[in-house]
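Structure first, then comments.
The values are calculated or read from the model by the stated rules, or taken from the named source; none is laboratory data. All figures in this text were calculated on a predicted structure; none of them were measured in a lab. Please note: Cβ atoms are built from the backbone with ideal geometry, for glycine as well, and neighbour counts cover all protein chains shown. The protein model used for the area step is the full one, side chains on, heavy atoms only, and it has no ligands, DNA or RNA in it. Shrake-Rupley method; radii C 1.70, N 1.55, O 1.52, S 1.80 Å.
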Amino acid sequence: MISKTIEKPKRGWAVTPNLLDYGKVCAGFSWDAARRELDGLPLKTRRPGW
């Protein structure tokens, strides 16, 4: 079953969403960069799923 994409306005938010352009964020993502952002954090904060 194919569902329609829900389109939302790009402007007029009371608080700007963190992820405005999913495709752009995915294209620019790298695990190496994500690891660098986490470097130096205490071990407890690096495993939020636990």
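Some observations on this one:
- Among residues of the stretch 13-29, those that are modelled with pLDDT under 85 and surrounded by 10 or more Cβ atoms within 10 Å (Cβ to Cβ), counted: 1
- When residues in the stretch 30-47 are screened for being in a helix (DSSP H, G or I), among the polar types (S, T, N, Q) and at pLDDT 80 or above, 0 of them pass.
- Criterion violated by MET1 - all others in (1) open to solvent by 90 Å² or more (accessible area, probe 1.4 Å); (2) modelled with pLDDT of 85 or more satisfied: (2)
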